[in-house]
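Please read the structure below before turning to the comments.
The values are calculated or read from the model by the stated rules, or taken from the named source; none is laboratory data. Keep in mind that what you see is a predicted model, and the values were worked out from it rather than measured. Quick reminder, even Gly has a Cβ in these numbers, built from the backbone with ideal geometry, and neighbours come from all protein chains shown. Keep in mind that these areas ignore ligands, DNA and RNA; they rest on the heavy atoms of the full protein, side chains included. Shrake-Rupley method; radii C 1.70, N 1.55, O 1.52, S 1.80 Å.
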Amino acid sequence: MDANMWHRHARAQQPAPPEKLSLIDLHALSSAERAAHLCALRDWLAASQFPTADARRVAATMWNVVTTNSNSGPGAKTIVAVNAPNTIGKSTAVRAWAHEAYRQWVGPRISEARLPSWSPEPGVHAHEVPVAWINLQSAARIRDFNAQILTYFGYPTDGPIRSLSTRIAGAIGRHRVRVLVVDDVHLLDTRFKDGREVLDHLKHVNTELGERGATMVLIGANLHDSPILADPQIAGRLQALEMVPFAVDTLEEKRAWQEFLVDVEQQLLPYLPAASDGLLAKTHVSRIWRRTQGFVGDVSALLRGAVDAAAIDGTWTLHPSHLDGVGLSRRATLHEQSLGSRRPGSIAPKRRDTQ
């Protein structure tokens, strides 16, 4: 990932929703028209997101912290940390917010293929890069961390660590960085004797960002036991956001699960003209949870695959066979098997039926 790639992603047009056709209209399509409709539906499904209450909370918190940090005086600022198990959608949620923020900050210049630019001083021009996104490498240490940031801006990565750190500080101001996102921060290597130096360097970068009113955002899996969140200085400036899979143990959890599926129905049912309201949130609510255990990444894969299958076979509604026929992640498959060979669509006794 670098600034040019981020700009391309942020300005990319999402596939247009396919035409909403009735069953009569669908049956009247020619073979070529039907193939085109299925292709448009498949493209739209692949790009569709199913926001959760957690994702909306992350976006709202990000706006609040970023705005507060940009308007406060110089110095180390509040850090946002988004913590969740894998396949919950934490990176997806932050990326969606960051793309929207980037488009707002660059304004009409988002229509241009090249990076926007500005003049930090008379006669000098530099690219404006309000969002920097780093996908951290495995077992990354200080030099690796610095090199990834500098590569994002297109800077050389040779030289001693102190020189690279100085280069980063200059780049933050020169390119008007507002947010630095560090994804997979749990991959930072803090195990060896220089582990303390890695944490201190993270704090140093946050201070350099804070001097310019910018915000650091950390995304990681299972950070509860990480030295990053245990560090007193980092913890003192940290606003941690948790994203969790949907559960169905309590009435409140069941209600949240069904409300999420009601929202998803509003996106999908217009393209399933043989379906009725409550298809997901009532008819298949237990089966969807059993197959995915409430992990949003698996829910998305399941529903995209099931809708595609229902379109291909011409039923235009979801049957159990459509949901059961979609291959999911190994995590989801193993957990589904662990629920035992009980009635299809049911949930193990310790998780009462959500219907």
Check your understanding: In this structure, does Thr67 turn out to be within 22 Å of the chain's Cα centre (by Cα) and open to solvent by 20 Å² or more (accessible area, probe 1.4 Å)?
Key -> yes
Practice item. Consider Asp189 carefully, then state whether it is in the same structural domain as Ile88 (by the TED database), under 18 Å from Met243 (Cβ atoms), modelled with pLDDT under 85 and among the charged types (D, E, K, R). Key: no
Check your understanding: Just checking, how many residues over segment 131-143 are within 13 Å of Val205 (Cβ to Cβ) and either among the β-branched types (Val, Ile, Thr) or surrounded by fewer than 18 Cβ atoms within 10 Å (Cβ to Cβ) (or both)?
Key -> 2
Practice item. Name the residue, out of Asp200, Asp225, Asp189, that is without any contact (Cβ under 8 Å) to a residue 60 or more places away in the chain, open to solvent by 30 Å² or more (accessible area, probe 1.4 Å) and farther than 26 Å from Asn71 by Cα. Key: Asp225
Check your understanding: For the subset of segment 312-331 comprising residues that are of a type in the set (A, V, I, L, M) and within 18 Å of Thr283 (Cβ to Cβ), which member is surrounded by the fewest Cβ atoms within 10 Å (Cβ to Cβ)?
Key -> Val326
Practice item. Might you let me know whether segment 270-287 holds any residue that is open to solvent by less than 50 Å² (accessible area, probe 1.4 Å), β-branched (Val, Ile, Thr) and in contact with a Gly (Cβ under 8 Å, 6 or more places away or on another chain)? Key: no
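Yes/no per residue for (1) farther than 23 Å from Met1 by Cβ; (2) open to solvent by 50 Å² or more (accessible area, probe 1.4 Å); (3) outside the structural domain of Arg8 (by the TED database); (4) in contact (Cβ under 8 Å) with a residue 24 or more places away in the chain:
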| site | (1), (2), (3), (4) |
| --- | --- |
| Met62 | no, no, yes, yes |
| Ala76 | yes, no, yes, yes |
| Ile88 | no, no, yes, yes |
| Ser111 | no, yes, yes, yes |
| Val129 | no, no, yes, yes |
Review point. How many of the residues in segment 282-299 are out of contact with any Ser or Thr (no Cβ under 8 Å at 6 or more places or on another chain) and among the small types (Gly, Ala, Ser)?
Key: 1
Practice item. Filter segment 8-42 down to the residues that are of a type in the set (Lys, Arg) and assigned to a helix (DSSP H, G or I), then identify the one that is nearest to Ala96 (Cα to Cα). Key: Arg11
Point to revise | Residue check for Val296: among the β-branched types (Val, Ile, Thr) and in contact (Cβ under 8 Å) with a residue 60 or more places away in the chain | key: yes
**Study point:** Qualifying position, being open to solvent by 20 Å² or more (accessible area, probe 1.4 Å) and within 21 Å of the chain's Cα centre (by Cα), among Glu242, Glu252
**Key:** Glu242
Practice item. Please specify each residue of segment 1-60 satisfying the condition of being among the aliphatic types (A, V, I, L, M), open to solvent by less than 40 Å² (accessible area, probe 1.4 Å) and within 22 Å of Asn135 (Cα to Cα). Key: Ala3, Ala10, Ala47, Ala55, Val58, Ala59
Practice item. For His125, indicate whether it is not assigned by the TED database to the domain that holds Lys254 and not aromatic (Phe, Trp, Tyr). Key: yes
